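Structure record follows, encoded as structure tokens.
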Amino acid sequence: MSFLLNMIYGKFTTIPPQEEDCTDKVVVITGGNGGIALEAARHFTQFNAARVILACRSLEKGEHARKDIEETTGKHNVVEVWHLDLASHDSIREFAARVNKLDRLDVFINNAGLLVFKRELIEGHESMLSINVISTALLTLLILPALRQTSNRFNIIPHIVIVSSDAAFEGRLPVQEPNIIKALDEQPSVLEHYSKTKLVQLIFMTQLAKAIELSGKGYIIVNGVHPGFCSTPLFDNTPWPFNLIFKGLLALFGRTPEVGSRALLAGAFADESLNGKFMSNGAFHELPKIIQGDEGEKMCRQVWEELSGILEEIETGVIERI
């Protein structure tokens, strides 16, 4: 019910336009070939970013997005298309290695995500858990060197923006199980998996922000943003009857991708007060109650430790690099 109310609220509110001079800045956006990510990339290009890198699984779609941005902004040789497939850990490693060779990285936007309605495995894990949590976390940790180098070399504060969802507020994790993520991974029903993975994603965001701050290796702002209910590629492959439901809801309550993209910009331009915080409609919003308080913090630490173990199995030493 709260999800529907939030959609209605989003229809009759808007995210204020965001603008900041991005001269010399380098921006990387995953899933950048469509929807809110494409519009965010267009804005960064308009704001004079030096390089805007679209990380895409389909290079063809990425090139179409690049040409579209160039035609609408009149700016050429800014947008680049790099291959990234979050369904492949090898692809993530290759992409991260390429990112870490950049002279600087000011903004990294984790936008790519997955919504499916049948149980599938990707890299040995349930597909939404694999893409929305494990791959997102792995990629974020692997590109930390580029962000830290930028922080220390240019004396600025880079940003990591994780595109989340208010669906996280509907998520309920199997806290009664000795291993929460393992139990979530093995649950046969996937109808509620999206909200659960988005909740775990927010937990990762909060714990990463704390870990980076404690490391003392270079300050980076990490936040999670909810862009609202927007027309995005996330819903492209939903099966019947869910496709009809989403089309109807989008027609009634959906935001345009441009309005939704402002949430990504708000996260990328956020000040230090929003480090480790969640943003909705371009402004601060309380985290889900389930991860607040003593019990919530205890659960967050457990999920962080479990996720860290999974990431270490994929890439030895990745947690120590934080």
### Task
For the stretch 302-319, enumerate the residues that are outside any loop (DSSP other than H, G, I, E, B) and loosely packed, with under 12 Cβ neighbours inside 10 Å.
GLU313
### Message
Among the residues that make up the stretch 118-131, is at least one of them modelled with pLDDT of 95 or more, more than 20 Å from the chain's Cα centre (by Cα) and of a type in the set (D, E, K, R)?
### Response
no
### Members of the stretch 263-321 found to be in contact with a Leu (Cβ under 9 Å, 6 or more places away or on another chain), without any contact (Cβ under 8 Å) to a residue 12 or more places away in the chain and not aromatic (Phe, Trp, Tyr), listed by number
GLY296
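Of the residues ILE322, ILE291, which is surrounded by 18 or more Cβ atoms within 10 Å (Cβ to Cβ) and β-branched (Val, Ile, Thr)?
The match here is ILE291.
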### Query
Within the bounds of the stretch 28-39, is there any residue that is more than 17 Å from the chain's Cα centre (by Cα) and closer than 22 Å to ILE162 by Cα?
no
### Message
So, in the stretch 118-177, how many residues would count as being among the acidic types (Asp, Glu) and part of a helix (DSSP H, G or I)?
### Response
2
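The values are calculated or read from the model by the stated rules, or taken from the named source; none is laboratory data. If you're wondering where the values come from, they're calculated on a predicted model, not measured in any experiment. Note that each Cβ is placed from the backbone with ideal geometry, even for glycine, and that neighbours are counted across all protein chains shown.
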